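Working notes, beginning with the structure itself.
The values are calculated or read from the model by the stated rules, or taken from the named source; none is laboratory data. Computed from a predicted structure; not experimentally measured. A quick note on method: Cβ atoms are made from the backbone with ideal geometry, for glycine too, and the neighbour counts reach across all protein chains shown.
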Amino acid sequence: MKTSVEAKIKNEIVRHIVCFKFKETANLNQINQIEKEFSALPHKIPGIISMEWGKNNSQEGLHKDFTHCFIVSFESEEAREVYLPHPDHQLFVSLLEPVLDDVFVIDFTP
């Protein structure tokens, strides 16, 4: 049985799903740098409790050329609000923009 604190924490967690579609001109080194920089954000920005990511391996053919998916979990909506304008996140976005063709973002609270 969960304590009221555990239940409260679970209800406050925000999952931030980000999928990338890179430009055809993006090279492997640039994409590897994006993977590295995004993966480093949990060590730089408070309130991120976990991140997992991977490259698309679906066999359904519905990926619409999106190749990377990142799932960032925040401890609360307030933590997500800190993340979005955070200088380290904004620096990452500036590195991403030149190689990004499209992005898909959806957030939810489980």
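Keeping to segment 32-49, report how many residues are polar (S, T, N, Q) and either farther than 20 Å from Glu81 by Cα or over 13 Å from the mean Cα position of the chain (by Cα) (or both). It would help to see each step written out before you state the result.
Filtering segment 32-49 for residues polar (S, T, N, Q) gives 32-33, 39.
Narrowing the set further to residues that are either farther than 20 Å from Glu81 by Cα or over 13 Å from the mean Cα position of the chain (by Cα) (or both) leaves 32-33.
Looking only at that region, the number is 2.
Taking segment 1-55 only, how many residues are at pLDDT 95 or above, part of a loop (DSSP other than H, G, I, E, B) and surrounded by fewer than 16 Cβ atoms within 10 Å (Cβ to Cβ)?
We begin by selecting, within segment 1-55, every residue at pLDDT 95 or above; these are 13-55.
Restricting the remaining residues to those that are part of a loop (DSSP other than H, G, I, E, B) gives 13, 23-27, 44-47.
In the following step, the residues that additionally are surrounded by fewer than 16 Cβ atoms within 10 Å (Cβ to Cβ) were identified as 23-25, 27, 44, 46.
Count: 6.
Only one residue in Pro110, Pro85 is modelled with pLDDT under 95 and either outside any strand (DSSP E or B) or within 24 Å of Thr25 (Cβ to Cβ) (or both), so which one is that? Can you show your working first?
Working: Pro85 fails: modelled with pLDDT under 95.
Step by step, each of Pro110, Pro85 is checked, and only Pro110 is modelled with pLDDT under 95 and either outside any strand (DSSP E or B) or within 24 Å of Thr25 (Cβ to Cβ) (or both).
List every residue pair whose Cβ atoms lie under 7 Å apart, where the two residues are 6 or more positions apart in sequence or sit on different chains, the first residue falls within segment 76-99 and is farther than 24 Å from Ile13 by Cβ, and the second residue, located anywhere, is surrounded by fewer than 13 Cβ atoms within 10 Å (Cβ to Cβ) and among the hydroxyl-bearing types (Ser, Thr, Tyr).
Qualifying pairs under 7 Å: none.
Could you tell me whether any residue of segment 56-70 is modelled with pLDDT under 95 and surrounded by 13 or more Cβ atoms within 10 Å (Cβ to Cβ)?
Within segment 56-70, one or more residues are modelled with pLDDT under 95 and surrounded by 13 or more Cβ atoms within 10 Å (Cβ to Cβ).
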